[in-house]
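Colleague: Quick one: structure below, then a few questions.
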Amino acid sequence: MLYNLREYHRPRDLDEALRLLQRPEIRTVPLAGGTDLVGQRNPDVEAVVDLSELGLDTIHTEDGVLRLGAMVRLQTIVEQLGDAFGGLLAEAAHRMAGWNIRNVATIGGTLAAGKVDSPLGVALAALGAEMAVTGQDELIPWPGVPAGGLQGRLITAVELRLAEGKVGTAYEQVARTPVDQPIVSAAAVVREVEGGTLSIRVAVGGLLASGLKLLDFDIQWPDLSGLDALTADINPADVKSDYLGRPDYRLAIAPVVARRALSAALARIGYETEAEGGIAS
């Protein structure tokens, strides 16, 4: 609960929403799905600006770009984007929470809350997602944030470029139980480009304390040695450590999870790796 809440606003105009959020005299925050905001019980919050009437809940494709409004619900992604990017986006959204939460939580709220290591955060990074943020002329690659953070600003949309040709995607994670949030996770995206080259991006969450580990490399099949760089330059002191897993465990399991994801992504566009479906280390 927000015990010191004094004002509730539901503007229908984006400029009015920003005016309310930028008031210096009263601590005002945006309200998207509210699944994180209410749970924080932040005593400093005095006013909320409900974003539900701003028309930010649309999904459309134009000029090869998929644009998701910031207020698109996670369950909407599950239901409407099952075929997009080989199902990666829908799978990641489904893994975020149960049905009740997915019907309330939004993609913009998820990113604004900084859920970098979440299934959706990892998948969006692997897909090269960019955010439209008020006050910024250019899109900001996720998981970056604008200078000065998001105070007084809003994420209005998330954009993903639709690739031409064959694209394989996959998501893998290790967790205490199938319904728990991941300890370490990886999303892999493989694009087949000219000359038989495979362009690969792997995003790994839960490895670095500072955020995601991103790895981009091009290969000529079947040389997959580029994945060896995943942990080669990591200082153990930079590895995440919490109640879910120690640094040594995360360092050991991250390459395994990444290889599983890459193996599955390759198989989906016809590049079988081994009889067991894995990639030899």
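Colleague: For the stretch 198-281, just say rounded, prolate or oblate: build the C-alpha gyration tensor, square-root its eigenvalues into a ≥ b ≥ c, call rounded for a/c under 1.5, and beyond that prolate if a/b exceeds b/c, oblate if not.
Modeller: Values: a/c = 2.44, a/b = 1.88, b/c = 1.30.
Here the stretch 198-281 falls in the prolate category.
Colleague: Taking a probe of 1.4 Å, how large is the accessible area per residue of the stretch 27-180, in Å²?
Modeller: Details: 6790 Å² over 154 residues.
Dividing the accessible area of the stretch 27-180 by its residue count gives 44 Å².
Colleague: Now, a different point. State the volume of the convex hull built on the alpha-carbon positions of the stretch 134-281, expressed per residue in Å³ and rounded to an integer. Numbers along the way, then the final one.
Modeller: Details: hull volume 23.3 nm³, N = 148.
Convex hull volume per residue, Cα atoms: 157 Å³.
Colleague: Just read off the accessible area of Thr231 with the full protein assembly in place, 1.4 Å probe, to the nearest 10 Å².
Modeller: Thr231 has an accessible surface of roughly 40 Å² with all protein chains in place.
Colleague: Of Leu207, Leu20, Leu262, which is the most mobile in a GNM of the chain whose springs link Cα atoms less than 10 angstrom apart?
Modeller: Looking only at Leu207, Leu20, Leu262, the biggest GNM fluctuation is shown by Leu20.
Colleague: Kirkwood hydrodynamic radius, the chain, all distinct C-alpha pairs: what's the number in Å? Before the final figure, lay out the partial values.
Modeller: Details: mean 1/r = 0.0504 Å⁻¹.
Across the chain, the inverse of the average 1/r is 19.8 Å.
Colleague: Any chance you could get the radius of gyration and Dmax over the Cα atoms of the stretch 88-178, in Å?
Modeller: Cα only, the stretch 88-178: 14.0, 42 Å (Rg, Dmax).
Colleague: Restricting things to alpha carbons, tell me how big the stretch 1-131 is in terms of Rg and Dmax, in Å.
Modeller: 15.5, 47
Colleague: Would you compute the Debye intensity of the stretch 65-220 from its alpha-carbon atoms alone, equal scatterers and no solvent, and pass along log10 I(q)/I(0) at q = 0.21 Å⁻¹ to two decimals?
Modeller: Scattering profile of the stretch 65-220, log10 relative to I(0): -1.46.
Colleague: How long is the stretch 128-170 along each principal axis, judged by its Cα atoms, biggest number first, in Å?
Modeller: Principal extents (Cα only, largest first): 40, 18, 13 Å.
Colleague: Can you tell me the equivalent ellipsoid semi-axes for the stretch 156-226? Use √(5λ) from the Cα gyration tensor, largest first, whole Å. Please list the in-between numbers first.
Modeller: On the way: eigenvalues 130, 51, 30 Å².
Semi-axes from the Cα gyration tensor: 25, 16, 12 Å.
Colleague: Based on the Kirkwood radius over alpha-carbon pairs, what is the Stokes-Einstein translational diffusion coefficient of the stretch 1-71 at 10 °C with 1.306 mPa s viscosity, in µm²/s? Each step should come with its number before you reach the end.
Modeller: Working: Rh = 13.3 Å.
Answer from the Stokes-Einstein relation: 119 µm²/s.
Colleague: For Ser225, what accessible area in Å² do you get when you roll a 1.4 Å probe over the heavy atoms of the protein chains, rounding to the nearest 10?
Modeller: Accessible area, nearest 10 Å²: 60 Å².
Colleague: Another question, if that's okay. For the stretch 106-149, how big is Rg over Rh, using alpha carbon atoms and the Kirkwood form of Rh? Can you show the working numbers first?
Modeller: Numbers: Rg = 10.0 Å, Rh = 10.7 Å.
My calculation puts Rg/Rh at 0.94.
Colleague: Okay, next question. Taking all protein chains as present, what is the carbon and sulfur share of the accessible area of the stretch 63-209, in % to the nearest whole number, probe 1.4 Å?
Modeller: Details: 2810 of 5810 Å².
Whole-percent figure for carbon plus sulfur exposure: 48.
Colleague: Any idea what the relative contact order of the chain is, in percent, if you count C-alpha pairs under 8 Å spaced at least 6 apart? Show your work: numbers first, answer last.
Modeller: Numbers: 572 pairs, mean separation 39.0, N = 281.
So the answer I get is 14 percent.
The values are calculated or read from the model by the stated rules, or taken from the named source; none is laboratory data. Quick caveat, the model's predicted, so the values are computed rather than measured. Surface areas here come from the heavy atoms of the whole protein model, side chains and all, with no ligands, DNA or RNA. Shrake-Rupley method; radii C 1.70, N 1.55, O 1.52, S 1.80 Å.
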